[in-house]
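The values are calculated or read from the model by the stated rules, or taken from the named source; none is laboratory data. Remember, predicted model here, so these are calculated numbers, not experimental data. With ideal geometry, Cβ positions are generated from the backbone for all residues, glycine too; neighbour counts draw on all protein chains shown. Note: accessible area is taken over every heavy atom of the protein model, side chains too, but ligands, DNA and RNA are not part of it. Shrake-Rupley method; radii C 1.70, N 1.55, O 1.52, S 1.80 Å.
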Amino acid sequence: MSLFALGFLLAILQLSSGQFPRACANTESLLRKECCPPWDGDGSPCGELSSRGSCQNILLSQAPLGPQFPFSGVDDREDWPSIFYNRTCKCEGNFMGFNCGECKFGFSGPNCTERRLRTRRNIFQLTTSEKDKFLAYLNLAKNTPSRDYVIATGTYSQMNNGSNPMFRNINVYDVFVWMHYYASRDTLLGGSSVWRDIDFAHEAPGFLPWHRVFLLMWEREIQKITGDENFTIPYWDWRDAKDCVVCTDEYMGGRHPTNPNLLSPASFFSSWQVICTRSEEYNSQQALCNATSEGPILRNPGNNDKSRTPRLPSSAEVEFCLSLTQYESGPMDKMANYSFRNTLEGFADPRTAISNISQSGLHNALHIYMNGSMSQVQGSANDPIFVLHHAFVDSIFERWLRRHRPVLEVYPAANAPIGHNRENYMVPFIPLYRNGEFFKPSRELGYDYEYLQEPALDSFQEFLIPYLEQVRQIWAWLVGAAVIGGVITAALTGLILACWKKRRGTSSEIQPLLTESEDYNNISYQSNF
């Protein structure tokens, strides 16, 4: 892409998304524990004057949690986001956003009434211009300050319970790096103590829905800062790959000629600085990552510990994983056996589905194989390969949903690790999303995958989606109506047959008028009922 075109893109500054809305990152909002910013369209909180939403109390799940986190009241992420805010915008209809100023995923238009279905494509199926545009968009996000969101640089306690706000500006791409860090960081217990067995985005049922939301938000922010409403994240299909085929200067950056741990200087990703990679330093200081630059992206694909991850995942392993019928099982963490989620995440053997944390399969295998910034959970989103990888992982999740068609109740309602129950809000997203809201087919969220499409059915399915959703919501009433209708039909049939027999047994000369018989009243009553 030409320098002129890249410069033009870098000049575009629109909205971005992330964690703390800038409009709520102030003393007044924190002390009132309220985040209900006005919608620009009418100037009212949550766009209430335009019936887009209203400021309401947050309803938190009361379902019991699993035993993995034996503390209470020590982590800002518990019962998210109630430590910071207990009132936020509740949007109506298809409206969404921290101020109800956007449309739900899959909808568009001024009143959010138009359904849209976008298609995510294989990165190697993009044309040269499409691929160059994607790379330019990534660089634009890394160089565009977020206008809507800031990040927290201190805990609520360090903010003196809201009287001393500690927030910082950040660019659009790094907002998402920071969110991934914040969801997976350790709990700071004071002094030099931390609790490591906690993660609001991994090692539990919410792993797949959380990353689904993460990608949808990331995709939308690219659409907004570029003005390209048709943009979708491409995916890298790594099944049976012999090496990192996207690790070239043409795509995501090749290997440095003299230092195998760095990226080639021919790739502009070599100039990117990472953030939130020094977890031990933050823990020792009992501090949060403040998005200070910490050096270049590290990547040395294939030179990883072969005893843990001997190769990239195979097609056979993916197919076995898809054959598993249980979404979650047992303790619902990384020790779960025969769990689709745990096997896809990579803590269970992709050939047996038995937990084996000494090995890294499927999703985890790719992270370990990259042998660098991608290999450390909290900072893994620094490497732009992260979005390609997780888009493909999401497509495997989508294949499982389409194959097994689980009802919402399949997702655990209780006893999952902290933050992972069905009705828990996902950390650290504002606007708020519950885990269970994204345990459904991608088409209902406005996107599909190119390799999963069935061309002959596409338009018909798109037409049916809104009607099927309405039927799903009222199915109980429909069943009840069918039962009542059956009873009425049977009763009417019986009465009509009885009358018919009675009429046949009475001669026409002496048969009384129907209006003079007792049966008239009976038939009338049944008919009216």
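Accessible surface of LYS306 in the full protein assembly, 1.4 angstrom probe, to the nearest 10 Å²?
100
Rank these residues by their accessible area, most exposed first, probe 1.4 Å: THR226, THR128, THR343, THR352.
THR128, THR352, THR226, THR343
Can you work out the FRET efficiency for the pair GLU280 and ALA413, with r the C-beta to C-beta distance and R0 = 41 Å, to the nearest 0.05?
Between GLU280 and ALA413 the formula returns 0.70.
Cα gyration tensor of region 127-279, axes a ≥ b ≥ c as square roots of the eigenvalues: rounded (a/c below 1.5), prolate (a/b > b/c) or oblate?
Here region 127-279 falls in the prolate category.
I want to check the label-to-label distance for LEU59 and ASP249. Put each point 7 Å from Cα in the C-beta direction and report it in nm to one decimal.
A separation of 5.8 nm, rounded to one decimal place.
Report, in debye and to the nearest 20, how large the dipole of region 26-170 comes out about its Cα centre when Lys and Arg carry +1 and Asp and Glu carry -1 on their Cβ.
Its charge dipole is roughly 580 debye.
THR119's amide H: which non-local residues (gap 5+, or another chain) put their own amide H closer than 5 Å, with H modeled 1.01 Å from N in plane and none for Pro or chain starts?
For THR119, whose amide H was placed from the backbone, the distant partners under 5 Å are ASP448.
Length gain on complete extension for the stretch ARG311 to THR258, per 0.36 nm per residue less the alpha carbon to alpha carbon distance?
Extending this stretch completely gives an extra 16.6 nm.
With 5 Å bins from zero, work out the P(r) of region 192-265 over every alpha carbon pair and list the percent per bin.
Each 5 Å bin holds this share of Cα pairs: 3, 11, 11, 11, 16, 19, 16, 9, 3, 0.
If you stretched the chain out fully between ALA287 and SER270, how much longer would it get, using 0.36 nm times the residue separation minus the C-alpha to C-alpha distance?
My answer for the length gained is 3.3 nm.
Once you have the Cα-Cα distance between SER163 and LEU31, take 0.36 nm times their residue separation minus that, and quote the gain in nm to one decimal.
So the extension gain works out to 46.8 nm.
Can you bin region 261-355 into rounded, prolate or oblate? Criterion: square roots of the alpha carbon gyration tensor eigenvalues sorted a ≥ b ≥ c, rounded for a/c under 1.5, prolate for a/b above b/c, oblate for the rest.
Taking the square roots of the gyration eigenvalues as a ≥ b ≥ c, region 261-355 is oblate.
Would you list which lysines come within 17 Å of LYS242, measuring only between C-alpha atoms, while excluding same-chain residues fewer than 8 positions from it?
Once the sequence-local lysines are set aside, what remains near LYS242 is LYS306.
Rounded to the nearest 10 Å², what accessible area does LYS90 have for a 1.4 Å probe in the complete protein model?
LYS90 has an accessible surface of roughly 110 Å² with all protein chains in place.
Let me make sure I get this right: for region 377-432, a, b and c are the square roots of the gyration tensor eigenvalues over alpha carbons, sorted descending. Under 1.5 in a/c it's rounded, otherwise prolate if a/b > b/c, else oblate. Which is it?
Oblate is the answer for region 377-432, as a/c is 1.5 or above yet b/c matches or exceeds a/b.
Compute, for LEU60, the solvent-accessible surface of its heavy atoms (probe 1.4 Å) with the complete set of protein chains present, and express it in square angstrom to the nearest 10.
60
Based on the Cβ-Cβ distance from GLN453 to SER192, what FRET efficiency comes out when R0 is 60 Å, to the nearest 0.05?
My answer for the efficiency is 0.70.
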